[in-house]
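Have a look at the structure below, then the notes.
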């Protein structure tokens, strides 16, 4: 059996054990981050495991892979930085966008979306508070952008996304994930946001901490596909 299949089932077993240990009653969805890996690996993983959700950081790869793998009926998640000149490709090839952080991009995604179903939106939060990272930093900013997304007919706001600090230790990461969960719960409790149900946080090196802090989606690349060259 191919390594990615073995890796995938090992990961699912670990997630199940973590959820059981922490009394997590809801499904934690795995987004298989397939950036830089070929179509053949994605198709193989889907065929053997029925994994449907795949994450891409780069627009060109998103566009190419979504077209090449149309018959697989996959769900594409765009998790990279949004560039205005490439928004039409994101809007029409992705089912989810995890990295919305400004009103301009919300309006463009809505305008360029030419698909019958609405585009699921997560607002990106800079939980590490690093100056070079994208994302909003406080609840006032979140509510302002959430209100704009809520008025767009082709978009539906589903929740928040965050990335822990690159060099952060586990205590710091735990604090960052806890902060994001608090913002998520605050948004979810706000009148008019009944569709809020998704908290995307945690990657290959910190997904256990993320699950313990309430993640409903984790973005896993190397633990499934192996290290990137």
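The values are calculated or read from the model by the stated rules, or taken from the named source; none is laboratory data. All values derive from a computational prediction rather than experimental measurement. All Cβ positions, glycine included, derive from the backbone under ideal geometry; neighbour counts span all protein chains shown.
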Being surrounded by fewer than 18 Cβ atoms within 10 Å (Cβ to Cβ) and closer than 17 Å to residue 163 by Cα is the filter here, so list the residues in segment 182-202 that pass it. 182
Residue hits (segment 1-52; in a loop (DSSP other than H, G, I, E, B), more than 19 Å from the chain's Cα centre (by Cα) and closer than 20 Å to residue 72 by Cβ) are 1, 2, 38
Among 14, 51, 75, which is the only one that is modelled with pLDDT of 95 or more and out of contact with any strand residue (DSSP E or B) (no Cβ under 8 Å at 6 or more places or on another chain)? 14
Filter result for residue 33 (buried (at least 16 other Cβ atoms within 10 Å of the Cβ) and either at pLDDT below 95 or in contact with a helix residue (DSSP H, G or I) (Cβ under 9 Å, 6 or more places away or on another chain) (or both)): yes
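Is there a residue in segment 215-228 that is free of Cβ contacts under 8 Å to residues at least 24 places away in the same chain and in a loop (DSSP other than H, G, I, E, B)?
To start, the set of residues in segment 215-228 that are free of Cβ contacts under 8 Å to residues at least 24 places away in the same chain comprises 222, 227.
Those still in the list that are in a loop (DSSP other than H, G, I, E, B) too: 227.
Yes; the residues of segment 215-228 include at least one that is free of Cβ contacts under 8 Å to residues at least 24 places away in the same chain and in a loop (DSSP other than H, G, I, E, B).
Tell me, which residue of segment 213-229 that is at negative phi and surrounded by fewer than 18 Cβ atoms within 10 Å (Cβ to Cβ) is modelled with the highest pLDDT?
Here is the first cut: in segment 213-229, the ones at negative phi are 213, 215-225, 227-229.
Narrowing further to those that are surrounded by fewer than 18 Cβ atoms within 10 Å (Cβ to Cβ): 222, 227-229.
Details: 222: 96, 227: 88, 228: 81, 229: 71.
Selected residue: 222.
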Looking only at segment 161-192, count every residue that is assigned to a strand (DSSP E or B) and either more than 22 Å from residue 117 (Cβ to Cβ) or out of contact with any helix residue (DSSP H, G or I) (no Cβ under 9 Å at 6 or more places or on another chain) (or both) and tell me the total. 1
Kindly indicate whether any position in segment 141-162 is within 21 Å of residue 28 (Cα to Cα) and in contact (Cβ under 8 Å) with a residue 60 or more places away in the chain. yes
